């Protein structure tokens with residue numbers, strides 16, 4: 001079957017692929033390999049490589065395909081609907097199947113879109129291939145079967161990003177690729193869970209160390225990979241697995257530097273484990289510090305403390321590990337004083353990369369339900385699920401101008417942060433003024 005496999009990925013907009021937003025969607029990449037192995041002909045469309053909806057329409061009209069598979073994250077729910085409209089305008093009989101996080105977590109809402117012929121929830125690798133043999137006999141909503149042994153899945157189809165991805169981290173040689181070693185997360189952070197468990201189940205499934213190293217070898221030999229990221233929610237959660245990984249990576253002679261994500265409590269408990277990771281090539285670590293308030297950390301069920309955040313940062317710096325710091329502002333119940341505590345903590349940590357975000361209630365999470373129950377939600381469009389500080393208000397009761405100021409101060413300090421904040425106000429007012437001029441400008445007489 002000729003299949004059009006589409007990844008919208010429009011969180012950074014059209015034409016963003018060549019501006020560094022070229023990360024691969026691992027779920028889409030594995031599905032591509034699975035379907036190619038089944039004999040299907042796959043055409044891949046990545047909207048980040050295109051310039052606008054006119055170009056999308058032209059490409060869809062040009063490509064010959066019998067079925068479209070669209071990966072749908074919440075931020076891409078509206079673009080997915082537009083894609084379906086364009087496909088149906090080409091040929092009403094072309095079948096459209098959507099899958100991914102949003103159809104899994106918001107199945108009822110997804111099913112309301114009539115142009116979606118099939119809604120696939122959960123994981124697709126085991127279930128999807130057999131369904132494609134006879135589409136006439138399957139229900140509209142399909143729940144995928146969880147693959148228990150991730151080692152039996154094929155590697156991601158790197159033909160989707162043959163030259164690699166752009167690292168966000170200084171000092172990493174290219175080509176650079178990201179790899180996933182597991183599915184699921186054992187932790188209870190309420191801004192994420194139970195959404196992730198709803199998708200991947202209650203048990204963390206881990207690929208074997210040898211399977212991961214085989215993929216590293218494949219990427220090095222076939223794509224010249226020089227560095228990589230293990231893109232797991234928490235790579236370091238199983239200590240014995242990490243020790244085996246470090247030992248075997250060195251044993252097999254893989255010298256590539258890499259990035260992973262860990263937690264402050266693990267780093268504090270096992271600095272020796274972090275040293276082993278450094279010895280095997282760890283260069284950067286992503287840490288979700290989240291807040292400088294212990295009350296807020298307890299409220300979001302992070303399972304860490306401010307003191308652990310500070311200690312973990314000290315340990316990383318002593319070991320020469322560069323820090324990519326995730327933290328957020330604008331949480332429900334968070335006070336101005338607690339936001340200021342987060343700023344103070346970040347000024348003490350001084351990470352190599354500051355990565356602040358604005359709390360955004362993610363569908364399927366405990367805090368999403370909290371915001372709905374307490375009538376806090378302000379999000380009405382899918383693109384508003386972006387967590388960028390400039391992406392607009394998310395919930396009631398939060399002063400987002402103050403949030404912006406806290407973001408700037410956390411990154412630049414109080415004086416420079418204040419200057420950035422004031423400059424931002426001036427720029428926003430100028431943009432608004434220019435927009436009004438365009439709206440209310442009177443056209444020239446010759447153009448009427």
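The values are calculated or read from the model by the stated rules, or taken from the named source; none is laboratory data. Just so we're clear, the structure is a prediction, and the values are computed from it rather than from any experiment. When we count neighbours, we look across all protein chains shown, and the Cβ atoms used for this are built from the backbone with ideal geometry, even at glycine.
Looking at this structure, is residue 154 outside the structural domain of residue 38 (by TED's automatic domain parsing), assigned to a loop (DSSP other than H, G, I, E, B) and surrounded by fewer than 22 Cβ atoms within 10 Å (Cβ to Cβ)?
Answer is yes for this residue.
Hey, among the residues in segment 103-116 that are surrounded by fewer than 20 Cβ atoms within 10 Å (Cβ to Cβ) and in contact with a strand residue (DSSP E or B) (Cβ under 7 Å, 6 or more places away or on another chain), which one's nearest to residue 368 (Cα to Cα)?
Going through the qualifying residues, I end up with 107.
Starting from residues that are buried (at least 19 other Cβ atoms within 10 Å of the Cβ) and in contact with a helix residue (DSSP H, G or I) (Cβ under 7 Å, 6 or more places away or on another chain), keep the ones in segment 364-385 and report whichever is nearest to residue 106 (Cα to Cα).
So the residue we want is 364.
If we keep just the residues of segment 21-49 that are touching a strand residue (DSSP E or B) at 6+ places or on another chain (Cβ under 9 Å) and part of a loop (DSSP other than H, G, I, E, B), which is nearest to residue 127 (Cα to Cα)?
40
Among 98, 75, which is within 24 Å of the chain's Cα centre (by Cα), closer than 27 Å to residue 387 by Cβ and touching a residue at least 60 places away in the same chain (Cβ under 8 Å)? Break it down stepwise before answering.
Details: 98 fails: touching a residue at least 60 places away in the same chain (Cβ under 8 Å).
Every option except 75 fails the conditions.
Give segment 366-392 a look and list any residue that's more than 20 Å from the chain's Cα centre (by Cα) and in contact (Cβ under 8 Å) with a residue 12 or more places away in the chain, or say none.
Once the filter is applied, which keeps residues that are more than 20 Å from the chain's Cα centre (by Cα) and in contact (Cβ under 8 Å) with a residue 12 or more places away in the chain, segment 366-392 yields 370, 371, 374, 375, 376, 377, 378.
Tell me which residues, restricted to segment 51-72, are surrounded by 17 or more Cβ atoms within 10 Å (Cβ to Cβ) and either touching a residue at least 60 places away in the same chain (Cβ under 8 Å) or within 21 Å of residue 158 (Cβ to Cβ) (or both).
65, 67, 68, 69, 70, 71, 72
Somewhere in segment 215-234, is a residue farther than 30 Å from residue 29 by Cα, in contact (Cβ under 8 Å) with a residue 40 or more places away in the chain and part of a helix (DSSP H, G or I)? Quick ask: steps written out before the conclusion?
First, the residues of segment 215-234 that are farther than 30 Å from residue 29 by Cα: none.
The answer is no; no qualifying residue exists.
Would you confirm whether any residue within segment 33-48 is within 21 Å of residue 381 (Cβ to Cβ) and surrounded by 17 or more Cβ atoms within 10 Å (Cβ to Cβ)?
Just the residues of segment 33-48 that are within 21 Å of residue 381 (Cβ to Cβ), to begin with: 47-48.
Among the residues that remain, those that are also surrounded by 17 or more Cβ atoms within 10 Å (Cβ to Cβ) are: 47-48.
Yes, segment 33-48 contains a residue that is within 21 Å of residue 381 (Cβ to Cβ) and surrounded by 17 or more Cβ atoms within 10 Å (Cβ to Cβ).
Identify the single condition in (1) assigned by TED's automatic domain parsing to the domain that holds residue 290; (2) buried (at least 23 other Cβ atoms within 10 Å of the Cβ) that residue 394 does not satisfy, given that it satisfies every other one.
All conditions are met except number (1).
Which residue is surrounded by the fewest Cβ atoms within 10 Å (Cβ to Cβ), if the candidates are limited to segment 276-314 and must be touching a strand residue (DSSP E or B) at 6+ places or on another chain (Cβ under 7 Å) and more than 17 Å from residue 260 (Cβ to Cβ)?
297
Can you confirm whether segment 172-182 contains a residue that is crowded, with 16+ Cβ neighbours inside 10 Å, farther than 19 Å from residue 125 by Cβ, more than 18 Å from the chain's Cα centre (by Cα) and in contact (Cβ under 8 Å) with a residue 24 or more places away in the chain?
For segment 172-182, residues crowded, with 16+ Cβ neighbours inside 10 Å, farther than 19 Å from residue 125 by Cβ, more than 18 Å from the chain's Cα centre (by Cα) and in contact (Cβ under 8 Å) with a residue 24 or more places away in the chain: present.
Is segment 136-147 home to any residue that is buried (at least 17 other Cβ atoms within 10 Å of the Cβ), more than 19 Å from residue 92 (Cα to Cα) and out of contact with any helix residue (DSSP H, G or I) (no Cβ under 9 Å at 6 or more places or on another chain)?
Within segment 136-147, one or more residues are buried (at least 17 other Cβ atoms within 10 Å of the Cβ), more than 19 Å from residue 92 (Cα to Cα) and out of contact with any helix residue (DSSP H, G or I) (no Cβ under 9 Å at 6 or more places or on another chain).
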